[in-house]
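Input: a single structure, listed below in C-alpha cells.
A short reminder: the numbers here are calculations on the coordinates, not readings from a lab. What you see is a predicted model, and the numbers here were worked out from it, not measured in a lab.
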Amino acid sequence: SAGQNKQHLVTKNTAKLDRETEELHHDRVPLEVGKVIQKGRQDKGLTQKDLATKINEKPQVIADYEAGRAIPNNQVLGKVERAIGLKLRGKDIGLPLEAKPKKK
C-alpha cells in the first residue's frame, strides 16, 4: 500500500467544519445607533470630521459607526454620547443624556 497519499483524503466532517467556521463574526454597531449618532451630530451642526476631532478619534471611526460597520467600543460610544448629548447604549437609545450630578 505504498504511495497512497492520505493527506488529501476528504472526510465527512469537512462540510460541518466549514459551516462552523463561517459563522464566526464580530458584533457590529446596530444601524439604529448609527442613525442616532448621525442625527445628534447634525442637530449640533457638526460634520463627521468635527465630531471625530472633538472626541479625539479619526473621521473614519465616526463614518464606520454611522454606517453600522464598526465593532462597538464602549470608550468610543461614551465619548460620542457626551459629545452629542444622546444615549447610544442600553434600552433608552436616542433619548437625551441626563447630566449626572458630579460626586464631591
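Residue separation times 0.36 nm, minus the C-alpha to C-alpha distance between ASP50 and HIS26: what's the value?
Full extension of this stretch gives 5.9 nm more.
How large is ³J(HN,Hα) for each residue in segment 62-72, as worked out from phi by the Karplus curve 6.51 cos²θ - 1.76 cosθ + 1.60 (θ = phi - 60°), to whole Hz, x for Gly and Pro?
With coefficients 6.51, -1.76 and 1.60, one gets 5, 4, 5, 5, 5, 8, x, 9, 7, 8, x Hz.
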